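Values quoted throughout were computed directly from the atomic coordinates according to the rules given, and no laboratory measurement underlies them. Please read these numbers as outputs of a predicted model, since none were measured by experiment. We place every Cβ from the backbone using ideal geometry, glycine too, and count neighbours over all the protein chains shown.
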């Protein structure tokens, strides 16, 4: 008798995430970007820019890793750092003209790529999945941190 019936659910959740990452990353690599670089470009698209802190919160990329990714995107002339208008200690990371042009091309391409994987689902399927995932997230948040 399994006294931990949630384990198969967790296993499937992890396997689903891994399958998504594999599928998504395979396409992103064809765009000459890494998954984290794509994440930064996609997050900055259609925005005036963000502080590194905001960008880290939006992408869940840690500060140390984020710095290196921004450096590489800056070397490709896809992003630039500018002084924050109201906080002299902070910077704003924003897409350059080249970065914005790249975003305008690759974001719709990637959404079309993802659409292929999701094409067999109905609106009702998506609503059920979304509801279940939200319920799971809420349970995990409510459980709090260990200790």
Considering Cα pairs under 8 angstrom that are at least six residues apart, work out the relative contact order of the range 46-147 and quote it in whole percent. 21 percent
So I have [x] 58; [y] 53; [z] 61, and one of them is percent of Cα pairs over 20 Å apart calculated from this model. Which one is it? [z]
Gain upon complete extension [residue 58, residue 121; 0.36 nm per residue less C-alpha separation]: 20.0 nm
Shape call for the range 1-59, from the Cα gyration tensor axes a ≥ b ≥ c (a/c under 1.5 means rounded, otherwise prolate when a/b beats b/c, else oblate), comes out oblate
Three-way shape call for the range 31-112 based on the alpha-carbon gyration tensor, with the a/c threshold at 1.5: prolate
Mean residue ellipticity (222 nm) of the chain, computed from DSSP H runs ≥ 4 via -39,500 (n - 2.57), nearest 500: -22000 deg cm²/dmol
Taking the beta-carbon count within 10 Å as an exposure proxy, list 129, 40, 28 from fewest neighbours to most. 129, 28, 40
Take the alpha carbon gyration tensor of the range 87-147, find the square roots of its eigenvalues, order them as a ≥ b ≥ c, and report rounded if a/c is under 1.5; if not, report prolate when a/b exceeds b/c, else oblate. oblate
